[in-house]
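Everything on this sheet refers to the single structure shown next.
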There are 2 protein chains.
Amino acid sequence: MIGEIIAIGDELISGRILNTTSYFAASQLFAAGHEIVAMMTIGDNPALIGQTLINSLERADFVVVTGGLGATTDDLTNAAVSDALQRPTTFYPEILENIRANSKRTPKQVQLSLEKLAWLPAGAHALKSDAQMAGHFLVHDGKPVFFLPGVPHEMKELLVETVISRLAVWEGEDVREVRQKLYRVVNLAETEINRQLDPLAKNDQRVRIGYYPVFPEVHVSLTVTGHNGSEVEELFKEQNRQILVLLGDDCYGTDTETLEEVVGKLLTRRHLTLALAESCTGGLVAHRLTKVSGSSGYFVGGVVAYSNNLKERLLKVDRDILVKFGAVSAETARAMAAGICAVTGADYGLAVTGVAGPTGGTDEKPVGTVYFGLAGPGKTSDFMVNFFGDRWQVQEATAHYALDLIRRELNSF
Amino acid sequence: MIGEIIAIGDELISGRILNTTSYFAASQLFAAGHEIVAMMTIGDNPALIGQTLINSLERADFVVVTGGLGATTDDLTNAAVSDALQRPTTFYPEILENIRANSKRTPKQVQLSLEKLAWLPAGAHALKSDAQMAGHFLVHDGKPVFFLPGVPHEMKELLVETVISRLAVWEGEDVREVRQKLYRVVNLAETEINRQLDPLAKNDQRVRIGYYPVFPEVHVSLTVTGHNGSEVEELFKEQNRQILVLLGDDCYGTDTETLEEVVGKLLTRRHLTLALAESCTGGLVAHRLTKVSGSSGYFVGGVVAYSNNLKERLLKVDRDILVKFGAVSAETARAMAAGICAVTGADYGLAVTGVAGPTGGTDEKPVGTVYFGLAGPGKTSDFMVNFFGDRWQVQEATAHYALDLIRRELNSF
């Protein structure tokens with residue numbers, strides 16, 4: 001089905017809050033076979049809310065509206081929708097009952113203010129009877145309209161648990177088949193990947209290939225559409241095979257797989273452990289590894305050695321090396337990697353030392369100069385890269401490069 | 001002036017990429033005194049691009065369009081705009097010249113593909129003559145329309161350096177005055193803050209107060225508007241004063257100030273240093289502190305002691321404590337804090353140990369149980385909190401709480 005998403009909230013249009021819910025909804029709906037043609041973000045403005053919803057209902061088969069359903073005085077969505085669709089605001093005692101019963105841990109004071117959540121446009125149904133949160137839907141001119149809270153985790157829960165399943169059984173559903181896959185690429189520029197892959201999709205309207213730089217990597221998407229399931233499947237398989245061959249080892253993963261998850265899987269499969277010695281990334285590499293559940297199985301820990309003192313004390317880096325070559329040097333990176341291996345007993349030690357900026361750069365070692373050390377069974381190596389950008393970019397690119405270094409090392413045997 | 005923002009790209013409506021550029025543009029334009037009424041996100045669909053731009057031009061005084069200007073084959077914005085506004089696509093050799101001259105470091109192969117960047121709708125002007133990137137504007141029916149690249153850092157640079165200054169000198173600019181401030185609050189729920197502050201804005205159309213949960217904190221925004229500058233200023237000052245009194249110490253900062261920046265300023269002002277011993281946050285607290293430029297002045301480093309082995313080896317936590325009380329305990333948290341202080345010589349040692357989940361919880365210590373240790377001059381203390389949510393939420397909330405602990409400690413003397 002064709003859908004549109006409307007996100008409501010003054011905080012979203014003034015740039016105080018980044019709208020992540022529409023993005024999440026679009027990705028989930030797309031994966032479920034729907035097509036989102038437009039996402040609108042507007043303020044808590046009743047007239048605009050009403051007009052936007054009416055316009056969307058004219059173009060789309062369904063509409064998802066997020067935000068403005070809460071208990072505070074700036075939440076205006078329900079009143080605006082009641083006006084626009086001429087569905088008088090109605091009190092639903094059973095909805096209030098359920099919300100109260102399911103939010104038992106909430107203090108009395110807050111409980112009282114929940115009443116507003118049960119005043120909804122006529123014809124509304126709760127999306128989930130055991131929910132502790134706002135969330136309802138109604139059918140207008142034969143089209144379903146879903147209203148979800150703007151708070152990301154509440155919205156995500158309701159979308160996944162209720163909206164997608166209701167749409168799947170909706171009468172008159174479009175049977176168009178869509179297959180999509182995302183390829184995550186490191187080390188290649190967007191235009192270079194485009195040059196390599198572009199001939200693939202030429203002259204076939206059913207195949208669409210997109211290129212999206214998502215710093216510090218590039219994502220390539222393959223979308224195959226058609227009305228015949230087996231035809232789509234076959235074309236998708238062949239395109240997928242060719243893309244994987246062309247991208248080779250620079251494609252580290254597909255779809256939602258992250259670089260840290262791929263590194264974790266490789267370490268787990270080979271029964272190896274990793275320890276970190278970070279300077280300029282200040283804990284970012286460790287943070288990325290430990291975002292992954294189960295990382296304690298292969299990541300033993302690490303040291304954030306921001307000062308030379310800690311490099312000596314905790315990583316046993318020789319003072320002579322620090323004095324002779326400097327903290328930002330290949331020699332120090334190797335000594336840090338070997339040091340964290342020795343101290344922790346991990347199979348691999350990965351070290352990062354560099355100039356994240358904006359200060360601290362010199363003519364010889366400008367901002368963005370980063371040395372990497374990798375100590376593993378029987379060998380220690382070092383790498384140097386000059387990254388460009390501000391402090392955030394240098395730190396993010398460095399952490400990504402470090403994770404990719406260990407990935408390539410683990411893939412090499 | 002009243003503006004609208006249109007973001008273009010298939011990657012944005014299918015949920016492959018989060019649209020951060022519209023958010024950034026809205027915040028910058030709002031800060032410059034403009035009002036954004038709507039932000040539209042649409043795919044690389046020429047007909048929809050044209051129609052959306054025409055609709056926006058009917059409602060707004062200016063429009064900012066981002067994305068689809070690049071050199072790859074899926075970039076369709078310029079062709080779509082040429083059609084919709086009936087401005088034939090025209091080749092601008094001087095624009096190509098400039099882009100080539102300014103991207104000297106780009107390899108020849110890529111240089112060749114840049115030609116597409118110089119085919120623009122008739123009447124277009126480059127936004128910046130020394131830019132290495134796409135970016136132009138045209139005036140249609142007396143209204144400026146800006147076209148910026150979709151790549152976030154390029155878009156941000158052009159918006160800040162060129163769009164905002166051009167709008168500032170635009171004829172017929174609206175002289176409406178806007179003052180805005182954002183308050184960042186920890187430890188209080190959105191509804192509780194609403195209850196405390198709501199009487200402030202009652203019955204005054206010039207004052208708007210908004211409440212936005214931004215996990216794990218809540219942001220409160222104050223917006224004062226009017227046509228008389230000094231009246232707005234006076235009203236803003238009084239409202240600001242009252243809000244600060246009501247929020248008290250739970251408001252850690254305002255506007256763009258982050259919790260890690262506030263902690264950094266307090267440590268710098270008091271000439272104190274901090275070291276970290278992290279278990280369940282896995283480097284996240286260190287990463288947040290080191291995102292701040294200049295953090296090496298007060299943050300000496302830390303240990304990510306994910307395993308018990310590292311807690312003993314690097315933090316000198318007594319094995320007896322680990323065995324008797326467990327790794328997740330008040331006693332271990334205190335020992336970790338004292339240990340990192342002793343090992344690094346920092347003035348303060350902050351330790352975190354807990355169960356981030358989704359596995360590892362027990363009846364006694366369920367997922368979300370976190371102990372904090374704080375060792376400082378002359379005393380060591382511990383704190384325990386039960387956080388709710390998934391692994392990501394527990395880690396983020398824990399890191400936030402840890403930073404807030406040291407903030408309150410530094411504010412207490």
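The values are calculated or read from the model by the stated rules, or taken from the named source; none is laboratory data. For clarity, every value in this text was computed on a predicted model and none was experimentally measured. As a convention, Cβ positions derive from the backbone with ideal geometry for all residues, glycine included, and neighbour counts pool all protein chains shown.
Key figures for this structure:
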item: Condition met for A:A286 (over 25 Å from the mean Cα position of the chain (by Cα), crowded, with 23+ Cβ neighbours inside 10 Å and not in a loop (DSSP other than H, G, I, E, B)); result: no
item: Test: A:I6 is over 21 Å from A:H136 (Cβ atoms) and out of contact with any Phe, Trp or Tyr (no Cβ under 7 Å at 6 or more places or on another chain); result: no
item: Scope segment B:255-278; condition farther than 16 Å from B:F413 by Cβ and in contact with a Leu (Cβ under 6 Å, 6 or more places away or on another chain); matching residues; result: B:D255, B:L259, B:E260, B:L276, B:A277
item: Residue list for segment A:370-413, filter: at pLDDT below 95, among the polar types (S, T, N, Q) and under 22 Å from the mean Cα position of the chain (by Cα); result: A:Q393
item: Complete set of residues in segment B:84-95 that are surrounded by 15 or more Cβ atoms within 10 Å (Cβ to Cβ) and either modelled with pLDDT under 80 or more than 34 Å from the chain's Cα centre (by Cα) (or both); result: B:A84, B:L85, B:R87, B:Y92
item: Single match in A:D204, A:D255 (criterion: touching a residue at least 60 places away in the same chain (Cβ under 8 Å), acidic (D, E) and under 22 Å from B:G43 (Cα atoms)); result: A:D255
item: Residue within segment A:224-243 that is within 22 Å of the chain's Cα centre (by Cα), more than 30 Å from A:N309 (Cα to Cα), modelled with pLDDT under 95 and of a type outside the set (K, R) present; result: no
item: Options A:V81, A:V64; residue that is touching a helix residue (DSSP H, G or I) at 6+ places or on another chain (Cβ under 6 Å) and crowded, with 17+ Cβ neighbours inside 10 Å; result: A:V64
item: Odd one out for B:S27, checked against (1) at the interface with another protein chain (Cβ under 8 Å from one of its Cβ atoms); (2) in contact (Cβ under 8 Å) with a residue 12 or more places away in the chain; result: (2)
item: Residue under evaluation B:S27, criteria (1) among the hydroxyl-bearing types (S, T, Y); (2) surrounded by fewer than 22 Cβ atoms within 10 Å (Cβ to Cβ); (3) at pLDDT 90 or above, criterion not met; result: (3)
item: Exclusive hit being aromatic (F, W, Y), within 27 Å of B:V185 (Cβ to Cβ) and touching a Phe, Trp or Tyr at 6+ places or on another chain (Cβ under 7 Å), set B:F299, B:F388; result: B:F299
item: Which listed residue, of A:E233, A:E217, is surrounded by fewer than 17 Cβ atoms within 10 Å (Cβ to Cβ) and of a type in the set (D, E); result: A:E233
item: Inter-residue pairs, beta-carbon under 8 Å, first surrounded by fewer than 16 Cβ atoms within 10 Å (Cβ to Cβ) and in segment B:238-249, second in a helix (DSSP H, G or I), 6+ apart; result: B:Q242/B:L200; B:D249/B:R408; B:D249/B:N411
item: Among the candidates B:V352, B:V385, residue that is in contact with a strand residue (DSSP E or B) (Cβ under 7 Å, 6 or more places away or on another chain) and either within 14 Å of another protein chain (Cβ to nearest Cβ) or among the aromatic types (F, W, Y) (or both); result: B:V352
item: Filtered residue count, segment A:46-61, keeping only those that are touching a residue at least 24 places away in the same chain (Cβ under 8 Å) and within 8 Å of another protein chain (Cβ to nearest Cβ); result: 1
item: Test: A:V160 is at pLDDT below 90 and either farther than 24 Å from B:F388 by Cβ or assigned by TED's automatic domain parsing to the domain that holds A:V37 (or both); result: yes
item: Criterion (assigned by TED's automatic domain parsing to the domain that holds B:S295, among the β-branched types (V, I, T), in contact with a Lys or Arg (Cβ under 6 Å, 6 or more places away or on another chain) and touching a residue at least 12 places away in the same chain (Cβ under 8 Å)) met by exactly one of B:V224, B:V263, B:V232; result: B:V263
item: Candidates B:G123, B:G150 - the one that is assigned to a loop (DSSP other than H, G, I, E, B), farther than 18 Å from A:G389 by Cα and either touching a His at 6+ places or on another chain (Cβ under 9 Å) or modelled with pLDDT of 80 or more (or both); result: B:G123
item: Those residues of segment B:289-314 which are of a type in the set (S, T, Y) and more than 7 Å from chain A (Cβ to nearest Cβ), in sequence order; result: B:S295, B:Y298
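Here is a yes/no grid of residues against (1) outside the structural domain of A:H153 (by TED's automatic domain parsing); (2) surrounded by fewer than 23 Cβ atoms within 10 Å (Cβ to Cβ); (3) within 21 Å of B:V224 (Cα to Cα):
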position	(1), (2), (3)
A:A7	no, no, no
A:E11	no, no, yes
A:Y23	no, no, no
A:N45	no, yes, yes
